[in-house]
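J.: Below are the structure tokens for one structure; questions will follow.
The values are calculated or read from the model by the stated rules, or taken from the named source; none is laboratory data. Keep in mind the model is a prediction, meaning the values are calculated, not measured. Note that each Cβ is placed from the backbone with ideal geometry, even for glycine, and that neighbours are counted across all protein chains shown.
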Amino acid sequence: MYAVIATGGKQYRVSEGSVVRIEKLVADEGANVEFDQVLLVGSGDSVKLGAPFLSGGKVTGTVQKHGQGDKVTIVKFRRRKHYLRQGTHRQKYTEVKVTSIVGG
């Protein structure tokens with residue numbers, strides 16, 4: 001069984017037991033989190049599709065850890081204009097292990 005959920009402005013395909021990195025959540029490690037914005041639930045040949053969200057659909061998971069992604073370099077440059085701006089960014093994430101999927 002798998003589901004497509006929306007969180008942090010992105011959509012993720014998850015299945016039971018999978019670990020997914022999502023945008024940072026305000027939750028402690030080991031806490032249970034619940035995603036109610038379920039777009040699709042599929043099991044074998046049967047697929048339930050929401051418009052836009054599936055009523056009664058719910059995905060629960062456990063927060064495993066918080067962290068930061070790799071460093072990304074940002075460069076803004078205009079040639080011959082004496083313009084150069086450099087910076088870096090590390091995106092914060094939360095790893096969630098999906099424990100159950102309930103289809104509507």
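J.: Specify which of the listed residues (THR7, THR73, THR60) is of a type in the set (Ser, Thr, Tyr), at pLDDT 95 or above and in contact with a His (Cβ under 9 Å, 6 or more places away or on another chain). Working first, answer last.
T.: Working: THR7 fails: in contact with a His (Cβ under 9 Å, 6 or more places away or on another chain); THR60 fails: in contact with a His (Cβ under 9 Å, 6 or more places away or on another chain).
Just one listed residue meets the conditions, THR73.
J.: Can I ask one more? Looking at GLU95, GLU29, GLU16, which one is among the charged types (D, E, K, R), in contact with a His (Cβ under 9 Å, 6 or more places away or on another chain) and within 24 Å of MET1 (Cβ to Cβ)? Give the derivation first.
T.: Values: GLU29 fails: within 24 Å of MET1 (Cβ to Cβ); GLU16 fails: in contact with a His (Cβ under 9 Å, 6 or more places away or on another chain).
Result: GLU95 is the single residue among GLU95, GLU29, GLU16 that is among the charged types (D, E, K, R), in contact with a His (Cβ under 9 Å, 6 or more places away or on another chain) and within 24 Å of MET1 (Cβ to Cβ).
J.: Quick one: ILE22 ticks every box in (1) modelled with pLDDT of 95 or more; (2) among the aliphatic types (A, V, I, L, M); (3) over 13 Å from the mean Cα position of the chain (by Cα); (4) assigned to a strand (DSSP E or B) bar one, so which box is it?
T.: Unmet for ILE22, out of (1) modelled with pLDDT of 95 or more; (2) among the aliphatic types (A, V, I, L, M); (3) over 13 Å from the mean Cα position of the chain (by Cα); (4) assigned to a strand (DSSP E or B): (3).
J.: Here is a further query. I need every pair where a residue in segment 29-44 that is at positive phi has its Cβ under 9 Å from the Cβ of a residue that is of a type outside the set (Ser, Thr, Tyr) and assigned to a strand (DSSP E or B), sequence separation at least 6 or different chains.
T.: GLY30/VAL63; GLY30/GLN64
J.: Let me ask something else. What strands (runs of 3 or more DSSP E) lie completely within segment 40-104 and have 3 or more residues being closer than 14 Å to VAL14 by Cβ and not polar (S, T, N, Q)? Give the steps one after another, and end with the answer.
T.: Details: elements: 46-49, 58-68, 72-78, 83-89, 92-102.
By residue number, 58-68, 92-102.
J.: I'd like to check something: does segment 60-70 contain any residue that is of a type in the set (Lys, Arg) and farther than 24 Å from LEU40 by Cβ?
T.: The answer is yes, given that some residue of segment 60-70 is of a type in the set (Lys, Arg) and farther than 24 Å from LEU40 by Cβ.
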